[in-house]
Amino acid sequence: MEQKVNILDLSKRLTALVHLAVPGNVVADVGCDHGYVVIWLLSRGIFNKGIAMDVRKGPLEAATANCHRYRMEDKMELRLSDGLTKYDPGDSDAIICAGMGGALMRSILEREPEKLAGVKQLILQPQSEIFLVRRFLRENGFVIEAEDMILEDGKFYPMMRAVPVKPDKEKKREELSNEQQEAEDYYGPVLLREKHPVLYAYLEKEAGIISGIKEKLEQGKQGSEKSESDKAELEKRSKRVMLAKARFE
């Protein structure tokens, strides 16, 4: 007899991700892979229905098989979709997007902004260039209300839940300097506010990397335009880390 995968055994990263979700009616997972995130949420009654979408046929076939395996046919819909192309406004009140680069994630979200109408929460876990996603949210009517960050197999994974800004609260946002805003975009407003220990470990690692690069640049003592540009960017990066670490004091 085939042994079923225990859907409780999501990876540490995905477990943290699903715990960011607030109960709702319908959840859509963009880039669903094997569909376990949707199945986990449906099996626990956090959402009543789910839409699992992926641009690749292979993962979608695996998600379809898992849908049948866990008897979710009446609750789960599967769509072959490039981003949100097969998603219509109002299809869900929550969208999950995880396991892809920040540039791609931002592209998916901004390609058809009208499709985000009616969405009450975005659960996002970019693998890289996280600042692009946070900046997009900030500039397009969303506010990050919850964040988490975990370390798994030597890699840091930040994630967030963003919700539409309420009109009566839009003017109450704290005014930040450009440098402070950039630090929040890179490292997370909630992670910084809550002094998240995994973020601090990440900042310590960043500081060590920056120190090592500075040492190599000093040893090289190159005077080329590229070298000077690299030094300027490194100083900017260093100051951003220092600003973030200062929030932990």
Tell me, how many Å apart are the Cα centres for region 8-24 and for region 114-135? 16 Å
Size of charge dipole - region 1-149 - debye, nearest 20, with Cβ of Lys, Arg +1 and Asp, Glu -1, no other charges: 200 debye
Interchain or sequence-distant (5+) residues whose placed amide H lies within less than 5 Å of the amide H of ILE96 are ALA28, ASP29, VAL30, ILE123
Mind ranking HIS68, HIS196 by accessible surface for me, highest first, 1.4 Å probe? HIS68, HIS196
Just for the Cα atoms in the chain, what are the lengths along the principal axes, largest first, rounded to whole Å? 64, 50, 34
Computed [θ] at 222 nm, helices only, for the chain once each DSSP H run of length n ≥ 4 contributes -39500 (n - 2.57): -13500 deg cm²/dmol
For VAL198 and LEU217 in the same chain, what is the full-extension length gain: residue separation times 0.36 nm, less their Cα-Cα distance, in nm? 4.0 nm
Quick check: residue separation of LYS239 and ARG111 times 0.36 nm, minus the Cα distance between them. What number comes out in nm? 42.8 nm
Mean 1/r over distinct Cα pairs of region 133-216, inverted to a Kirkwood Rh in Å, yields 14.3 Å
Which order do LYS155, LYS239, LYS231, LYS57 take by accessible area at a 1.4 Å probe, largest first? LYS57, LYS239, LYS155, LYS231
Of LEU191, LEU199, LEU176, which has the largest mean-square fluctuation in a 10 Å C-alpha GNM of the chain? LEU176
HN-Hα couplings for region 53-69 via Karplus (6.51, -1.76, 1.60; θ = phi - 60°), in whole Hz with x for Gly/Pro, come out as 10, 8, 7, 9, 5, x, x, 5, 5, 5, 5, 5, 4, 5, 4, 5, 4
For the chain, modelled as a GNM with alpha-carbon contacts under 10 angstrom, which of ASP88, ASP148, ASP230 fluctuates the most? ASP230
What Kirkwood radius, in Å to one decimal, follows from the Cα pairs of region 1-99? 13.3 Å
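The values are calculated or read from the model by the stated rules, or taken from the named source; none is laboratory data. Keep in mind that this is a model prediction, so the values were computed, not measured. Cβ: placed from backbone, ideal geometry, glycine included. Neighbour counts: every protein chain shown. For accessibility, only protein heavy atoms count, side chains too; no ligands or nucleic acids. Shrake-Rupley method; radii C 1.70, N 1.55, O 1.52, S 1.80 Å.
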